[in-house]
Amino acid sequence: MSKKRELGIYVHIPFCIKKCNYCDFLSAPATKQVQKYYVDGLTEQIKQYKNLIREYEVRTIFFGGGTPSVLEIKELERIIEQLEEFINDEQEITIEANPGTLTKEKLMFYKKSGFNRLSIGLQSANEKELKLLGRIHTYEDFLQNYIDARESGFENINIDLMSALPGQTKDTYEESLKKVLMLDPEHISAYSLIIEEGTKFYDWYYGREDLLPDEDTEREMYYFTKKYLKEKGYQRYEISNYAKQGFESRHNLSYWSGTDYLGLGLGASSLIKGTRFQMESDLETFCQGALQGKNLERDKIELTKREQMEEFMFLGLRKMEGIEEREFSSQFQVELEEIYGAVLEKLIDEGLIKKRQNRVLLTEYGIDVSNVVLSEFLLSE
Ligand code: SF4
């Protein structure tokens with residue numbers, strides 16, 4: 001019997017208690033009634049995709065948002081029921097949660113339902129910074145959730161942190177990181193703030209670099225993160241992600257490795273058999289359409305071989321272990337050298353890329369300027 005292809009499933013919960021000031025994700029506050037209506041639509045959509053999912057071996061499931069933890073237990077239960085036949089003990093099953101929406105009861109329910117990884121959005125351990133970000137919680141709220149999560153049996157917890165925030169100093173950032181590490185989480189995602197259009201931060205700070213940490217301070221925060229997490233035994237396995245050994249996010253690693261993934265729910269993205277698409281992103285159209293069994297796939301693009309090669313490089317090089325030359329040739333029936341020989345030679349000369357045992361990976365310096373390096377892998381038509 002031939003082996004099934006692997007699949008990651010992403011389930012989008014587009015609700016939050018309140019929109020954070022920097023957030024441009026597809027998420028908004030909603031009444032319990034709207035949430036229920038959405039779950040009606042989402043569960044119908046899952047039913048429609050069951051045959052497709054059955055063609056695969058599901059390796060990871062990720063409930064993201066938004067804030068999946070705003071959902072009431074009975075709503076989440078309805079979604080899980082639909083996915084039940086695809087859940088097994090071998091998988092990594094993650095739920096994202098934000099302090100201010102979590103309770104011990106919910107955490108115990110997650111654990112009982114098969115979630116074995118919890119990703120908590122903290123962003124900062126500094127009260128002033130949390131307020132400015134528009135977060136609904138304090139550090140104390142987070143701490144209580146963290147303790148409850150451990151007591152509920154979660155042994156794999158990620159904490160999200162942000163740097164380069166307005167008014168943040170190297171000291172306040174370091175304090176946040178140190179406070180969080182005292183809790184000994186298995187995984188840390190450490191991102192720099194990006195001011196996105198359409199957010200309150202964009203109105204307040206766009207073009208006002210004087211109100212943001214300067215480049216040197218930002219770099220210092222970045223270098224501190226790298227150094228401190230290494231000292232504490234976390235391995236950086238992707239540009240912004242650090243984990244204790246064996247606790248790398250398998251779901252995210254599968255994105256970066258080009259595994260197929262199916263995004264269910266509002267605006268969720270998928271990559272299935274070389275075709276990329278997004279689900280309808282208007283809430284009413286989504287819910288109505290899903291309940292009527294309509295196809296809600298939008299912006300369908302069949303990736304050309306050129307685009308697939310570019311993605312292979314962009315995504316693969318985000319991982320610290322880089323890409324394997326053999327994998328490239330077996331996937332595309334052409335040698336890596338033939339396509340990217342000149343680019344690789346140039347980047348190696350510049351000290352941005354290195355080769356190690358049949359693999360190509362970014363150097364320390366290359367990671368620091370990864371955006372520039374990765375753009376070199378765009379191929380002309
Ligand atoms: S909790 Fe997360 S998804 Fe929700 S508004 Fe804040 S940043 Fe956005």
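Projecting label points 7 angstrom from Cα along Cα→Cβ for T285 and F332 puts them 3.4 nm apart. Legend: P(r) of the chain from all alpha carbon pair distances, 10 Å bins from 0, whole percents, reading 5, 21, 31, 28, 13, 1, 0. Taking 4.7 Å between beta carbons as the limit, the unpaired Cys residues of the chain are C16, C287. The figure for K178 is an accessible area of roughly 80 square angstrom, using a 1.4 Å probe on the protein chains alone.
To the nearest 20 debye, what is the magnitude of the charge dipole of the range 1-145 about its Cα centre, counting +1 on the Cβ of each Lys and Arg and -1 on the Cβ of each Asp and Glu?
Numbers: 21 positive and 21 negative charges, 34 e Å.
Here the size comes out at about 160 debye.
At each listed q (0.11, 0.22, 0.23 Å⁻¹), what is the log10 of I(q)/I(0) that the Debye formula gives for the range 161-231 modelled as equal alpha-carbon point scatterers? After summing over all Cα pairs, the log10 values are -0.29, -0.95, -1.01.
Considering only protein heavy atoms and a probe of 1.4 Å, how much of the accessible area of the range 106-234 is carbon and sulfur, as a whole percent? Please report the intermediate quantities before stating the final value.
On the way: 3060 of 6270 Å².
Its accessible area is 49 percent carbon and sulfur atoms.
Between S269 and D214, the simple label model (points 7 Å from Cα in the Cβ direction) yields a spacing of 3.5 nm. Estimated from helical segments only, the mean residue ellipticity of the chain at 222 nm is -12500 deg cm²/dmol, where each DSSP H run of four or more residues counts as -39500 (n - 2.57).
Net charge in the neighbourhood of D299 (other residues with Cβ under 12 Å of its Cβ; Lys, Arg +1, Asp, Glu -1) is 0. All other residues whose Cβ lies under 12 angstrom from that of V39 are scored, Lys and Arg at +1 and Asp and Glu at -1, for a net of -2.
Work out, in µm²/s and without decimals, the Stokes-Einstein translational diffusion coefficient of the range 225-322 at 25 °C, 0.890 mPa s, Rh from Kirkwood over C-alpha pairs. Here the translational diffusion coefficient equals 157 µm²/s. Projecting the Cα atoms of P185, F277, G153 onto the charge dipole of the chain, computed from C-beta unit charges around the Cα centre, puts G153 farthest toward the positive end.
The charge dipole of the range 333-381, taken about its Cα centre with unit charges on the Cβ atoms of Lys, Arg (+1), Asp and Glu (-1) only, comes to about 260 debye.
Converting phi to 3J(HN,Hα) with the Karplus coefficients 6.51, -1.76 and 1.60 and the offset θ = phi - 60°, the range 310-322 yields 4, 4, 3, 6, 4, 6, x, 6, 5, 7, 5, 7, x Hz in sequence order, with x at every glycine or proline.
Between N371 and T103, 0.36 nm times their residue separation minus their Cα-Cα distance comes to what?
Details: separation 268, 0.36 × 268 = 96.48 nm, distance 3.90 nm.
That works out to 92.6 nm of additional length.
Can you check what the net charge comes to around K346, using other residues whose Cβ is under 15 Å from the Cβ of K346 (Lys, Arg +1; Asp, Glu -1)? For residues surrounding K346, the net value is -3. Of the residues G65, G274, G121, the one that moves most in a GNM of the chain with alpha-carbon contacts below 10 Å is G274.
Highest mean packing comes first when the peptides 91-100, 306-315 are listed by Cβ atoms within 10 Å, giving 91-100, 306-315. A cut-off of 5 Å between modelled amide H atoms, ignoring neighbours fewer than 5 places along the same chain, links A28 with F15, C16. State the answer as a single residue: which of L296, L374, I353 lies farthest towards the positive end of the charge dipole of the chain, with beta carbon charges of +1 for Lys and Arg and -1 for Asp and Glu, about the Cα centre. Of the options given, the answer is L296. Solvent exposure of V34, expressed as accessible area, is near 50 Å², computed with a probe of 1.4 Å over the protein chains only. Solvent-accessible surface (1.4 Å probe) assigned to M162 amounts to roughly 20 Å².
Three principal axis extents describe the C-alpha atoms of the range 99-239; from largest down they are 48, 34, 24 Å.
Heavy-atom surface analysis with a 1.4 Å probe gives the range 305-375 a carbon and sulfur content of 47 percent of its accessible area. Distance distribution P(r), the range 305-375, all Cα-Cα pairs, bin width 5 angstrom from 0: 4, 17, 31, 29, 14, 4, 0 percent.
Give me the dipole magnitude in Debye, nearest 20, for the chain about the Cα centre, with unit charges on the beta carbon: positive for Lys and Arg, negative for Asp and Glu.
960
The values are calculated or read from the model by the stated rules, or taken from the named source; none is laboratory data. Fair warning: this is a prediction, and the values are worked out from it, not measured in the lab. Please note: Cβ atoms are built from the backbone with ideal geometry, for glycine as well, and neighbour counts cover all protein chains shown. Heads up: the accessible areas ignore ligands, DNA and RNA and are worked out on the full protein's heavy atoms, side chains in. Shrake-Rupley method; radii C 1.70, N 1.55, O 1.52, S 1.80 Å.
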